[in-house]
Amino acid sequence: MIFKDYYKILGLETSRVSIDEIKVAYRNAAKKYHPDVNVGDSLAEERIKDINEAYRILSVPSSKRKYDRIWNSHNLVNKKFNLKGKESIVKMFFGNIKQNSDEQERKSKEPLRGENVETEINASIYEAFYGLDKKISLRTVEGKMKTFTVTVPQGIRDGEKIRLIGQGKPGINGAKNGDLLIKINIKNDKKFKLQGCDIHTDLLVTPWEAALGTRVNIQSIDEETKVYIPQGIQSGEKIRIPGKGYKDGKGARGDLIAEVKIMVPKKLTSEEKKIFEELNNISAFDPRKE
């Protein structure tokens, strides 16, 4: 029996690897030398046989331990004596393992489903609320760029994932491909901010509206609605408008929460200035003494 370096065949440099690492190395090697990729290449056909044989031995912990003793001895002998052909050593340590490898052979030919691939994309709060088709480009395992059309459903929640069946890494031995999982990150804009199912926005009011109270129009994400501003409202106070927020996935919606910001005019007309001066003279209100 001629010694074969199964770790080298799988592209590994050391025996100190886990079974999972061996599986990954096997997948990579099998893809590289797969007959479909190397049509008519007899060397590739021989290489894939060695790859399958290496996986049969190294994927089973008990046979891997036996082979590791051979591998270590082989390296030690080569290092000290630069010798080749360790048939007797292989037989001494490994025995007739091939006679007991039917189960390993079967396992090596079992279909292995391709791994899932995960990525993420951004969507504005408007895009997520109304839904849209979004194109994304990703590099495949072959190194080529591929464009996908992702349908972002209406009302998708921040952090949810969209699954594209069969668009992940290819399967081995006829197994199904993995899936492409796309995480959706909902991004706020200058007007609206999403917190759970509630949407937060600013409500700009004048000093006289805040002092006297009134009704004003406010724009939610999908329509304009009226809101009552109570007399004497202060900057920073919040008004909650039920059912005008984001979709909750159950047919209902969260609330629109408007934070009041009292805006003082930067430029006053002469008449406005006169009124403010008169108010300053007659008002007993002093916020510094409240």
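The values are calculated or read from the model by the stated rules, or taken from the named source; none is laboratory data. In this text, all values refer to a predicted model and were calculated from it rather than measured experimentally. Cβ coordinates were reconstructed from backbone atoms using ideal geometry, including for glycine residues, and neighbour counts include every protein chain displayed.
Quick one: which of 105, 118 is of a type in the set (Asp, Glu), closer than 30 Å to residue 190 by Cα and either out of contact with any strand residue (DSSP E or B) (no Cβ under 9 Å at 6 or more places or on another chain) or at pLDDT 75 or above (or both)?
Numbers: 105 fails: closer than 30 Å to residue 190 by Cα.
Exactly one of 105, 118 is of a type in the set (Asp, Glu), closer than 30 Å to residue 190 by Cα and either out of contact with any strand residue (DSSP E or B) (no Cβ under 9 Å at 6 or more places or on another chain) or at pLDDT 75 or above (or both), namely 118.
Would you confirm whether any residue within the stretch 240-263 is surrounded by fewer than 13 Cβ atoms within 10 Å (Cβ to Cβ) and among the hydroxyl-bearing types (Ser, Thr, Tyr)?
no
If a residue has to be crowded, with 16+ Cβ neighbours inside 10 Å, of a type outside the set (A, V, I, L, M) and without any contact (Cβ under 8 Å) to a residue 24 or more places away in the chain to count, how many in the stretch 131-190 make the cut?
Final tally of qualifying residues: 1.
Conditions (1) more than 30 Å from residue 268 (Cβ to Cβ); (2) at pLDDT below 95; (3) touching a strand residue (DSSP E or B) at 6+ places or on another chain (Cβ under 7 Å); (4) not in a loop (DSSP other than H, G, I, E, B), marked per residue:
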{"residue": "166", "(1), (2), (3), (4)": "yes, yes, no, no"}
{"residue": "170", "(1), (2), (3), (4)": "yes, yes, no, no"}
{"residue": "181", "(1), (2), (3), (4)": "yes, yes, yes, yes"}
{"residue": "189", "(1), (2), (3), (4)": "yes, yes, yes, no"}
{"residue": "199", "(1), (2), (3), (4)": "yes, no, yes, yes"}
{"residue": "222", "(1), (2), (3), (4)": "yes, yes, no, no"}
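Please work out which residue is nearest to residue 61 (Cα to Cα), limiting yourself to the stretch 8-23 and to residues that are without any contact (Cβ under 8 Å) to a residue 40 or more places away in the chain and surrounded by fewer than 16 Cβ atoms within 10 Å (Cβ to Cβ).
The selected residue is 18.
Among the residues that make up the stretch 238-248, is at least one of them over 30 Å from residue 160 (Cα atoms) and hydroxyl-bearing (Ser, Thr, Tyr)?
Taking every residue of the stretch 238-248 in turn, none turns out to be over 30 Å from residue 160 (Cα atoms) and hydroxyl-bearing (Ser, Thr, Tyr).
Assuming residue 30 fulfils every condition listed in (1) touching a Lys or Arg at 6+ places or on another chain (Cβ under 7 Å); (2) in contact (Cβ under 8 Å) with a residue 60 or more places away in the chain apart from one, which condition is it?
Checking residue 30 against (1) touching a Lys or Arg at 6+ places or on another chain (Cβ under 7 Å); (2) in contact (Cβ under 8 Å) with a residue 60 or more places away in the chain, the one that fails is (1).
Give 249, 236 a once-over and let me know the one that is under 31 Å from the mean Cα position of the chain (by Cα), small (Gly, Ala, Ser) and in a loop (DSSP other than H, G, I, E, B).
Matching residue, one of 249, 236: 249.
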